[in-house]
Each structure stands twice: as C-alpha cells, then as structure tokens.
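Visitor: Below: one structure in structure tokens.
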2 protein chains.
Amino acid sequence: MTAPRDPNATVRVALLGCGNVGGALAELLTTRADEIAGRTGMRLELAGAAVADLSRARPFAMAADLLTDDAKALVERSDVDVVVELIGGLDPARPLVEAALRAGRPVVTANKALMADCGAELAELAAANGVDLLYEAAVAGAVPVIRPLRESLAGERVSRVMGIVNGTTNFILTRMGDEGMDYAEALAEAQRLGLAERDPTADVEGDDAAAKAAILAGLAFGSDVVAADVQREGITAVQAVDVAFAGRLGYVVKLLAVAELVDGGPDVSVRVHPAMVPRAHPLASVRGAFNAVFVEGEACGELMLYGRGAGGAPSASAVLGDLIDAARNLRAGAPAPAPRRSHLRIRPVSELRSAFYLSLEVFDRPGVLAAVATVFGSHDVSIKAMEQVGLGDEARLIFLTHTAREGDVQATLDDLRQLPSVDRIGGVLRVIGAEDDVSGG
Amino acid sequence: MTAPRDPNATVRVALLGCGNVGGALAELLTTRADEIAGRTGMRLELAGAAVADLSRARPFAMAADLLTDDAKALVERSDVDVVVELIGGLDPARPLVEAALRAGRPVVTANKALMADCGAELAELAAANGVDLLYEAAVAGAVPVIRPLRESLAGERVSRVMGIVNGTTNFILTRMGDEGMDYAEALAEAQRLGLAERDPTADVEGDDAAAKAAILAGLAFGSDVVAADVQREGITAVQAVDVAFAGRLGYVVKLLAVAELVDGGPDVSVRVHPAMVPRAHPLASVRGAFNAVFVEGEACGELMLYGRGAGGAPSASAVLGDLIDAARNLRAGAPAPAPRRSHLRIRPVSELRSAFYLSLEVFDRPGVLAAVATVFGSHDVSIKAMEQVGLGDEARLIFLTHTAREGDVQATLDDLRQLPSVDRIGGVLRVIGAEDDVSGG
C-alpha cells in the first residue's frame with residue numbers, strides 16, 4: 001500500500017475520463033476544496049486528468065497542464081494517490097483499473113459494465129493489494145445503494161432486491177402512464193429531452209439494467225453473476241393499452257431489475273423485465289428519470305433508497321463520497337470490506353412462479369373465450385380476472401392469472417399463438433407485490 | 001485504542017439493555033454467528049448482557065451466566081471489545097457510554113435522546129479515544145440514514161433534510177387520510193395495535209421527532225442543536241376535516257422533522273410540524289408506521305431513504321450493521337469519521353417563510369369573508385385559494401396562502417381570533433413542495 005506523499009494530508013487524484021461526470025467531479029474538487037478539507041481533514045487535489053482527445057472542449061475549464069492523453073502513465077505516476085475511472089466500458093478501463101490496483105492505488109469507478117463483468121476479479125485484485133475498489137455511482141447514480149448494501153446490511157439476510165435502475169425507461173413508462181402516450185411517442189420525447197440516446201437499444205432492451213442487476217446480485221448475495229447471465233426483457237413490447245389497463249387495475253408499469261433468493265436460497269434469480277407494481281408500493285411512486293432500489297431482508301424488513309440515477313452532478317456526488325472514503329481508508333491503511341463472492345446457481349426464469357397480466361387480440365366470434373380458457377387450463381394456469389373490450393371486429397381479452405410457473409405461461413402463450421381465433425399476443429407483464437408474489441417453485 | 005484480544009478475530013460484545021431491540025440483537029448474534037463470521041472474517045460473541053432486573057423474563061433466551069445487573073462492571077471488563085447501549089434515555093446510558101469510550105471501547109447505540117442531547121460531547125470523547133460512536137438505529141430504525149449522510153454525502157452541500165421519523169404519528173395521519181377517522185379514533189387504533197404508548201405524548205406532541213431532527217441537523221450541517229432547541233408542533237390539533245381537505249387539494253398530511261439551511265446558510269432552521277405534502281412527492285407515499293428521510297443537496301439532487309422506523313428486528317438490523325463496522329474499524333485501528341460540529345444560529349420559525357393552509361370556523365353572516373380577508377391583507381398574507389363549506393349556521397373557510405412570513409401568519413391568526421365573526425381557528429398546516437416552498441426570509 002502506498003501512503004499519501006504529503007504529510008499535510010493532501011490526497012492526489014488521477015481522473016480518467018473527463019466527460020459529464022468527470023467534468024462535474026473536477027468542478028466539485030476545485031470549488032469545494034476548502035470545504036472538503038475543513039470537514040474531512042484531507043485536501044483532495046487533482047493530480048491530472050486523462051482524456052482521449054486533448055483538443056476537445058471540456059465541460060469544466062481545467063488547467064491545461066493537468067490534461068494528458070496518456071492514461072497509463074498518469075495512473076502510474078508517483079505523485080498519484082487515488083484513481084477515479086470515469087471512461088466507461090471495458091477497454092481501456094479494465095487494464096487501467098488493474099494497473100492502478102497493482103500499483104497499490106485505490107480506485108473509484110462509476111463503470112457499471114466493468115463492475116458487472118469483472119467485479120469479482122477486480123475486487124480480489126484490490127483486496128490482494130490492500131486497497132479500495134469503490135463503485136457507488138455504478139448503480140443508481142447519486143443514490144446510496146452500494147454502501148448501504150455492503151455496510152449497513154453487512155449482517156442482514158437479504159431475500160430480494162428490486163430496482164428501478166434505468167431512468168430512460170422509467171421516464172418513458174411514466175409518460176405512457178400519465179399521458180396515455182404510446183411507446184414510440186414517449187421514446188421520441190425522451191430523445192428530445194436528452195434522456196434517451198439516438199440509439200436507445202441499451203436502455204429500452206434492458207441491457208443497462210441487466211448490468212446493474214448483476215452488480216446488485218453480487219452485493220446482496222455474493223453471487224458471481226455477470227451481465228450476460230441476466231435474463232432480460234425490455235419495454236419495447238409494452239403498449240399504451242397495457243399501461244392504461246394496469247392503471248385501471250390499480251397498478252403502474254415499471255421496468256425492474258430483480259435479484260432474489262429462490263425459495264429461500266441458495267439458488268438466485270437475476271433478471272430484468274417490465275412488471276405491474278401496485279400503486280401503493282413504494283416503487284410505484286418512483287417517477288420520471290428517478291431511480292430506486294427496494295430491498296427486502298429478514299430483520300430489516302423493507303427498505304427503499306431513492307434518488308437521481310444519472311446526470312453529471314448526481315453521479316459526481318456519489319463518486320466524491322467514495323473518493324473521500326477511499327482517501328480516508330488509504331490514510332488509515334484499512335480498506336473498506338470487499339463483498340464476498342460465491343458461485344450460486346442461477347435459476348432460469350422458466351422455473352420461477354409469478355402472477356401475470358396477459359393481453360390478447362382475438363377475432364370477436366362465438367367460442368373464442370372458451371378456446372382461450374381451455375388453453376390456459378391445459379397448462380395449469382389459473383385465471384384470476386378477465387376483461388373483454390371491443391376493438392372493431394376484434395376484441396381485446398385481458399387476463400390476470402394467479403401465480404403460475406413461468407414455463408407454463410410461456411407454453412400457454414405458444415399454444416395461444418396457434419389458435420385461429422387469436423390474432424396476436426399483446427403485453428405480457430409480471431405482477432409484483434400481489435398476494436401472489438413472484439417466487440420460485 | 002484496545003485491540004481485540006483474540007487473534008482469531010473474535011470480537012466480544014457487551015450488551016447494555018435487553019428489551020425488544022436487545023433481545024432481537026442477541027438472537028441475531030447467536031443464530032447468525034457463522035454466517036457473519038463467513039462474510040466478515042470476524043466472530044461477534046456476546047460477552048455479557050446487562051439488565052436492570054435479573055428476574056424478568058427475556059424476549060430471547062440467553063445463557064444465565066451472560067446476564068448481569070452491573071452494567072458499569074460489564075463495560076469495563078477486560079474481555080469486552082465493543083459496547084452496545086440499548087437502555088435508552090440519559091441516565092444511566094450517558095455515564096455508561098462515557099465509561100466505555102474512556103476505556104477505548106467503541107460504542108454502538110440506538111439512543112436518540114442521548115445522541116440528540118449529548119451527541120457532540122460524546123463524539124468528541126470518542127474521537128479523543130480513537131474509537132467509534134455509531135448510532136444508525138437512533139433515527140428511522142433499519143433505514144440507512146446516518147451512514148449515507150456521514151459517508152456517501154461527505155462532500156455534498158446539503159440544503160435540507162425532511163424526515164417522517166415517527167411511525168406512530170404517521171400511522172395515525174395515514175388512517176385519518178384513508179378512512180376519514182378523526183384523531184382520537186386513529187390514536188385509539190394505534191394504541192390497540194401497540195403502535196402508540198398508553199401515554200402517547202412523546203410521539204403526538206413531536207418530542208420524539210424533535211430529538212431526531214436535532215440529530216439530522218448535526219449530521220447534515222454540523223450544527224450543535226439539541227432536542228430542546230427544536231421548535232415543535234405535534235398532530236393533536238389536526239382534524240379529520242383538514243386531512244380530507246388536504247386530500248381534495250391533492251395533498252397528504254405528514255408530521256415532518258425538518259433541518260434546513262435558511263437562505264443558503266449558515267443559519268439553520270430545525271423544527272417539527274405537520275405539513276401538507278403534494279401527493280406526487282416521494283414523502284407522500286410513506287404510509288403507516290414506515291419512516292423516510294428526504295435529503296436535498298446541491299450536486300446529488302433529491303434522495304430518499306425509506307423503511308421500517310421501529311421494532312425490535314429492524315432496529316437490531318441497524319445496530320448489527322454498526323456493530324460489524326465498529327468491530328472492523330477496531331481491528332483496523334481506524335475509527336469511522338466523526339461528524340464535524342459547529343455553532344450555527346438557529347433561525348426562529350417566526351422568521352421563516354412558507355405557504356399555509358388555514359381552516360377557520362366562522363358564523364355564517366354577511367361580511368364575514370370581507371372581514372377575514374382584510375385581516376390577511378393587513379399582515380401582507382396573500383391568499384392563493386379559498387373555499388367555503390356550510391356547517392349548520394356556521395361555515396368553514398379554508399385558505400391556502402402564498403408564501404408568507406410565519407410571524408405575519410401568526411399575527412394574522414391572533415387578529416382573526418379577535419374577530420367576532422370567527423368562532424375558532426381549526427387546522428394550520430404548512431404546505432411543502434409547492435412552487436411556494438418553505439424557505440427563510
């Protein structure tokens with residue numbers, strides 16, 4: 001472990017990546033230097049900032065001699081105490097983080113892809129070098145999620161973590177619910193407001209949320225899932241009519257990242273899918289681009305951590321909290337505890353049980369309901385409530401099922417697609433928090 | 001600083017007080033010993049439990065030789081590493097905590113009265129002895145509030161903290177809102193369910209929330225407010241009709257503990273009062289006996305931390321998180337950072353500005369509205385909305401004001417009481433989160 005060079009407790013920070021979050025962090029470090037020193041007894045000083053292109057304009061004006069395009073050299077410079085990685089992605093972030101840890105420098109990162117895919121290996125490397133690897137900003141931006149799970153709940157038996165961890169999709173679903181917009185319209189608005197990328201795939205298909213689900217599973221259960229292990233469904237198939245129906249039934253539609261013990265463990269389920277959440281559930285009140293993580297534990301009961309999931313300043317706030325922690329631990333020579341990791345079996349979604357909302361468009365002719373109901377029955381999927389709405393010469397049938405095995409519901413859907421009276425399958429949503437809650441079985 | 005005695009990283013815990021929380025903690029320590037050791041590398045072992053009356057039955061069966069009625073001797077026993085204080089109140093908790101800290105033993109406490117009234121002195125004593133004083137369970141039970149404020153937001157400029165930190169009053173107000181119950185009826189139900197004491201004064205008059213407001217102010221602003229400094233109004237004057245009206249206007253009524261910078265600081269306001277919270281505000285979704293703390297900061301934006309605010313198991317979960325932290329820091333020889341303290345001026349409520357809801361019962365005769373409106377105008381209190389409801393030969397006038405100085409509103413109320421046409425002043429509620437938000441001025 002490297003001790004800070006300066007006896008006056010100056011801690012020198014190497015910043016890798018200087019976009020929105022990096023710029024906001026540089027600004028906080030500069031404008032709040034005295035304030036932070038007064039509170040923490042440490043002066044956090046920018047040793048340098050590595051960027052890909054020295055000629056590009058920076059969101060925060062930085063002394064030119066702080067900038068470099070040689071990140072590797074910056075990480076290994078002898079006057080650097082702590083490294084902040086805000087490049088994102090795996091390459092070159094991963095080798096740079098490894099180099100920093102090997103050089104005995106604590107690393108703070110906001111990189112969800114890196115932590116989802118290499119979190120276990122990097123945590124081991126950090127532990128072997130006796131330094132911190134902190135990543136509060138990688139999940140839910142400014143919301144304290146990682147630290148509470150790792151420290152406050154260190155002795156807790158967590159049974160489930162459910163997160164609204166993607167602000168783009170939550171914004172889209174909120175607009176669909178509030179204004180009756182269809183998906184394409186709400187997506188276009190999100191793009192206009194800068195809340196969705198021009199290519200929104202990573203958000204709307206659930207990939208971003210899947211990386212965060214993997215991280216949450218690691219924290220809550222020590223499970224070594226990576227993003228690719230996480231079964232995911234995005235929100236592109238969710239229709240305005242489904243959201244409106246959910247509303248009439250007392251639910252809101254949310255894209256959830258779920259990590260839970262199946263049947264009390266040790267098997268886990270880690271998945272991302274849209275779900276109907278009862279309006280009285282705390283997650284239902286998470287609107288627009290906000291994020292929240294809902295935790296259920298044996299002794300603690302239900303907890304929720306809520307706030308801004310993205311944006312330069314909120315993410316920089318989380319990075320700054322980690323940075324102060326890392327600097328303090330470095331001075332004390334005692335890194336934060338690393339989460340344990342173990343290989344837990346991931347239960348495929350088909351083996352889980354859940355209540356479902358299903359929407360079918362059918363040709364409105366005699367006998368159609370009987371035919372459809374027979375298919376449900378043949379797969380042991382029991383119907384709790386049904387509603388039929390006219391739709392020209394078609395009709396829409398909405399079903400709420402009792403808890404059923406997912407595999408049985410998928411088999412039901414496969415058979416329904418073969419029925420001549422069924423035109424198409426519309427929305428398929430899991431129902432959360434009902435008396436029939438999601439569980440394994 | 002005392003190092004743990006056992007090279008196998010056994011950390012021995014002295015438990016002071018063995019009621020609901022203490023019993024639940026003893027149970028967690030016993031039943032999860034292996035699990036905790038596996039995760040943390042430390043074996044937490046109960047060294048002894050001090051109780052007032054050895055003959056009383058315990059919620060958790062404990063080996064008889066662990067029990068003692070000599071708390072002082074237990075705290076100072078040479079085989080004790082960490083002390084957990086769950087007695088509550090100031091005496092004998094305070095001298096026992098002081099003795100433990102002086103003996104170089106970290107202390108974990110759930111004692112809000114102690115931390116509100118002696119937090120600054122005890123934190124100094126802990127720092128002087130190089131050990132931890134942790135108190136996550138003192139505010140909002142299982143909800144991680146203290147650690148996020150102290151660590152995650154260590155570099156943040158917090159502007160306001162608003163908490164629903166008393167489950168009893170939140171339960172009562174929730175029932176009044178859901179069922180139209182009046183206060184006495186909802187209180188009786190809370191008492192039946194064991195959610196309110198037979199003498200509910202400390203809860204319903206805001207005293208419990210005031211202690212927590214003082215602790216939150218210390219954490220957020222380093223302010224050295226004690227509970228007695230906190231201006232408080234309870235919920236006993238809130239009527240069913242006020243809650244119903246708030247509902248019709250799109251608000252819910254909540255008892256809030258507020259600590260905020262006035263006009264950007266350094267003056268602070270620390271207070272407890274019922275308030276109208278817009279239904280879309282995250283605090284509005286905190287129902288029943290749940291607690292939540294809502295934090296606003298310059299970079300992080302809005303955060304909310306939500307969960308179970310009381311109860312044996314949830315509080316024990318928070319104590320256990322602190323205990324693991326304290327044990328780890330003790331082994332590392334590096335205590336957690338103590339919050340800084342400073343003497344900030346407390347701005348009296350009369351100098352603040354807020355929008356108000358006011359309910360008046362008046363004799364229904366010509367000219368009454370003109371007389372009332374004249375009083376408002378004479379104190380520069382501007383009316384935003386008014387509604388009149390018949391009430392036999394009386395009428396109820398409901399006013400929503402624009403933002404006004406509290407002192408002016410109080411003067412208005414004083415004058416209104418003198419008006420012959422005004423029978424009585426009903427509910428007076430501050431309105432939160434409107435475009436006219438609470439602020440100093």
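The values are calculated or read from the model by the stated rules, or taken from the named source; none is laboratory data. Being a predicted model, the structure only gives us computed values, none of them experimental. Cβ coordinates were reconstructed from backbone atoms using ideal geometry, including for glycine residues, and neighbour counts include every protein chain displayed.
Yes/no per residue for (1) buried (at least 16 other Cβ atoms within 10 Å of the Cβ); (2) over 19 Å from B:Glu85 (Cα atoms); (3) within 12 Å of chain A (Cβ to nearest Cβ):
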{"position": "B:Asn20", "(1), (2), (3)": "yes, no, no"}
{"position": "B:Leu28", "(1), (2), (3)": "yes, no, yes"}
{"position": "B:Gly38", "(1), (2), (3)": "no, yes, yes"}
{"position": "B:Ala49", "(1), (2), (3)": "yes, no, no"}
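Visitor: What number of residues within region A:179-213 satisfy the criterion of being in contact with a Ser or Thr (Cβ under 7 Å, 6 or more places away or on another chain), of a type in the set (A, V, I, L, M, F, W, C) and within 27 Å of A:Asp229 (Cβ to Cβ)?
Guide: 2
Visitor: Residues being surrounded by fewer than 24 Cβ atoms within 10 Å (Cβ to Cβ) and of a type in the set (Asp, Glu): count how many of those fall in region B:303-324.
Guide: Residues flagged as surrounded by fewer than 24 Cβ atoms within 10 Å (Cβ to Cβ) and of a type in the set (Asp, Glu) within region B:303-324 amount to 0.
Visitor: Counting only residues that are within 25 Å of B:Ser315 (Cα to Cα) and more than 7 Å from chain B (Cβ to nearest Cβ), which one in region A:281-296 is modelled with the lowest pLDDT?
Guide: Among them, the one singled out is A:His281.
Visitor: Moving on. So which of A:Leu28, A:Leu90 is within 30 Å of B:Arg341 (Cβ to Cβ), out of contact with any strand residue (DSSP E or B) (no Cβ under 7 Å at 6 or more places or on another chain) and among the aliphatic types (A, V, I, L, M)?
Guide: On the way: A:Leu90 fails: within 30 Å of B:Arg341 (Cβ to Cβ).
So the residue among A:Leu28, A:Leu90 that is within 30 Å of B:Arg341 (Cβ to Cβ), out of contact with any strand residue (DSSP E or B) (no Cβ under 7 Å at 6 or more places or on another chain) and among the aliphatic types (A, V, I, L, M) is A:Leu28.
Visitor: Continuing with the same structure: Name, by its number, the condition in (1) assigned to a helix (DSSP H, G or I); (2) over 18 Å from B:Asn329 (Cβ atoms); (3) within 14 Å of another protein chain (Cβ to nearest Cβ) that does not hold for B:Gly163.
Guide: (1)
Visitor: Now for a different question. Could you list, in sequence order, the residues of region A:157-184 that are over 18 Å from the mean Cα position of the chain (by Cα) and buried (at least 24 other Cβ atoms within 10 Å of the Cβ)?
Guide: If the condition is that a residue be over 18 Å from the mean Cα position of the chain (by Cα) and buried (at least 24 other Cβ atoms within 10 Å of the Cβ), then A:Met176 is the only one that fits.
Visitor: Hey, another quick one. Kindly indicate the residue of region B:98-151 that is touching a Ser or Thr at 6+ places or on another chain (Cβ under 8 Å) and within 13 Å of chain A (Cβ to nearest Cβ) and also farthest from A:Glu151 (Cα to Cα) among those meeting that condition.
Guide: B:Gly141
Let's see how each residue does on (1) surrounded by 15 or more Cβ atoms within 10 Å (Cβ to Cβ); (2) within 21 Å of B:Glu124 (Cα to Cα); (3) not assigned by TED's automatic domain parsing to the domain that holds B:Gly130:
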| position | (1), (2), (3) |
| --- | --- |
| B:Ala24 | yes, no, no |
| B:Glu45 | yes, no, no |
| B:Arg56 | no, no, no |
| B:Arg94 | yes, yes, no |
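Visitor: To continue, here is another question. In region A:380-387, is there at least one residue being among the charged types (D, E, K, R), modelled with pLDDT of 95 or more and more than 14 Å from A:Ala355 (Cα to Cα)?
Guide: For region A:380-387, residues among the charged types (D, E, K, R), modelled with pLDDT of 95 or more and more than 14 Å from A:Ala355 (Cα to Cα): absent.
Per-residue answers, yes or no, for (1) under 30 Å from B:Ala227 (Cβ atoms); (2) of a type in the set (Asp, Glu):
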position: B:Arg347; (1), (2): yes, no
position: B:Asp364; (1), (2): no, yes
position: B:Val375; (1), (2): no, no
position: B:Ser382; (1), (2): no, no
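Visitor: Having 3 or more residues that are touching a Lys or Arg at 6+ places or on another chain (Cβ under 9 Å) is the bar; report the helices (runs of 4 or more DSSP H) wholly within region B:55-132 that clear it.
Guide: Working: elements: B:71-76, B:93-102, B:112-128.
Per the criteria, B:93-102, B:112-128.
Visitor: Restricting to region A:264-297, and then to whatever is touching a Phe, Trp or Tyr at 6+ places or on another chain (Cβ under 7 Å) and either assigned to a strand (DSSP E or B) or among the β-branched types (Val, Ile, Thr) (or both), can you tell me which residue is nearest to B:Glu298 (Cα to Cα)? Even if it seems obvious, please write down each step before you answer.
Guide: Narrowing region A:264-297 to residues touching a Phe, Trp or Tyr at 6+ places or on another chain (Cβ under 7 Å): A:268, A:276-279, A:282-283, A:286, A:288-290, A:292.
Now narrow it down to the ones that are either assigned to a strand (DSSP E or B) or among the β-branched types (Val, Ile, Thr) (or both): A:268, A:276-278, A:286, A:290, A:292.
On the way: A:Val268: 38, A:Met276: 33, A:Val277: 31, A:Pro278: 32, A:Val286: 20, A:Phe290: 16, A:Ala292: 19 Å.
Ranking the qualifying residues of region A:264-297, first place goes to A:Phe290.
Visitor: Next question, about the same structure. Take the residues of region B:298-349 that are more than 7 Å from every other protein chain (Cβ to nearest Cβ) and assigned to a strand (DSSP E or B): which is modelled with the highest pLDDT?
Guide: That would be B:Ile346.
Visitor: More than 27 Å from B:Val319 (Cα to Cα) and assigned to a helix (DSSP H, G or I): does that describe A:Ser354?
Guide: In short, no.
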